[in-house]
1. What is the distance, in nm, between label points placed 7 Å from the Cα along the Cα-to-Cβ direction at Gln14 and at Arg80?
2. Just round it to a whole percent: the fraction of Cα-Cα distances in segment 4-82 exceeding 22 Å.
3. Considering only the other residues whose Cβ falls under 15 Å of the Cβ of Arg73, what net charge follows from Lys and Arg at +1 and Asp and Glu at -1?
Amino acid sequence: MQQMMKQAQKMQQQLVAAQAELAQAELTGTAGGGLVTVTITGAGEVKAVKIDPRAVDPEDVETLEDLVLAAVRSAHDEVRRLTEEKMGPVTGGLGGLGGSLGLPGF
């Protein structure tokens, strides 16, 4: 029982460290071959949106909107990838219980 408690404490420390690392991370998503770039934090907060002037066509605003949306989705995909990379080793030993623990990102 004491061994299990030590393992649980170690996992909790690793989880806290991984969450802190994710919170500090900034990830970038792009669309249109780099015409639109979105930077977000590991927590999903949008920090910056950059639009190449070549993407701006007053006659075709819908395409620009689609590019921005695609870049945001791309950035969120990067957050998911990093979350899996950082949290996977910590939660790997839970036997599939990670999703039922109410932990952010699962």
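Read-outs throughout are calculated quantities, based only on the coordinates presented, and are distinct from any laboratory measurement. None of these values were measured; they are calculated from a predicted model. Glycine gets a Cβ as well: all are built from the backbone with ideal geometry, and neighbour counts include every protein chain shown.
1. Distance between label points: 2.4 nm.
2. So the portion of pairs separated by more than 22 Å is 40 percent.
3. Residues near Arg73 contribute -2 overall.
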